[in-house]
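Quick notes on the structure that follows.
The values are calculated or read from the model by the stated rules, or taken from the named source; none is laboratory data. In this text, all values refer to a predicted model and were calculated from it rather than measured experimentally. A quick note on method: Cβ atoms are made from the backbone with ideal geometry, for glycine too, and the neighbour counts reach across all protein chains shown.
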Amino acid sequence: MIARRARVNKRMLYYCFGAKQDLYREILRRKIAERSEWLESTPDDFAGVLAHIYLSGGTDIDFVRLMEWEAIDSGGKKCIAEAERRALFEKAVARLRVLQRRGSIPRGADLTQLFISMLSLALFPLVMPQIIRLIHGMEPTDPRFMRQRADFLRWLGDRLVKPARAPRNHARRGRVQINAVSRIESGQLA
């Protein structure tokens with residue numbers, strides 16, 4: 001299947017990579033290198049970061065499958081490119097720390113746990129596509145679902161973190177919007 005998708009014969013794959021495991025390692029290394037680029041392009045607001053993680057990694061089914069295969073196959077052994085990945089995750093948590101210092105994330109938040117939760121929110125649809133189909137009725141790779149998911153994550157991110165000091169009228173406007181949404185959801189406004 002790999003050779004067919006790459007439009008080469010098996011002999012060429014084995015010539016270039018040796019064994020299937022070596023090909024797997026090379027693909028995984030390239031996917032990880034792509035992930036290091038997304039960190040440099042993350043937005044400066046928490047909601048934007050949450051949506052960015054989803055759009056950068058949570059929509060890449062090949063990457064998610066590689067991670068799942070690695071989890072199943074590793075048996076607790078050292079991960080491929082473990083040092084590079086650890087450094088990437090540390091940079092991501094450091095990026096959250098900057099947002100926390102700016103007041104975009106509450107001071108007491110455990111940033112490591114927050115990042116793990118962000119990854120979970122972003123990756124779950126592709127990790128458990130059957131659950132998404134059962135709940136939502138769409139495939140997680142459907143562009144409509146992906147758009148809805150990114151919008152939801154932005155919405156959630158906006159609500160999880162509060163600005164350090166919101167102007168009075170802005171805060172009041174937010175309450176009015178939240179009350180209106182609550183009334184719509186409860187059927188009071190149609």
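Brief remarks on what is shown
- Of all residues in the range 66-119, those being in a helix (DSSP H, G or I), farther than 25 Å from Arg25 by Cα, among the aliphatic types (A, V, I, L, M) and without any contact (Cβ under 8 Å) to a residue 24 or more places away in the chain number 5.
- Condition met for Ile72 (closer than 19 Å to Val98 by Cβ, at pLDDT 80 or above and among the β-branched types (Val, Ile, Thr)): no
- Residue match in the range 125-135 (condition: exposed (fewer than 12 other Cβ atoms within 10 Å of the Cβ), at pLDDT 95 or above and in a loop (DSSP other than H, G, I, E, B)): no
- Residue match in the range 140-149 (condition: within 14 Å of the chain's Cα centre (by Cα) and of a type in the set (D, E, K, R)): yes
- Gln100 passes every criterion in (1) polar (S, T, N, Q); (2) under 21 Å from Ile32 (Cα atoms); (3) surrounded by 12 or more Cβ atoms within 10 Å (Cβ to Cβ) apart from (2).
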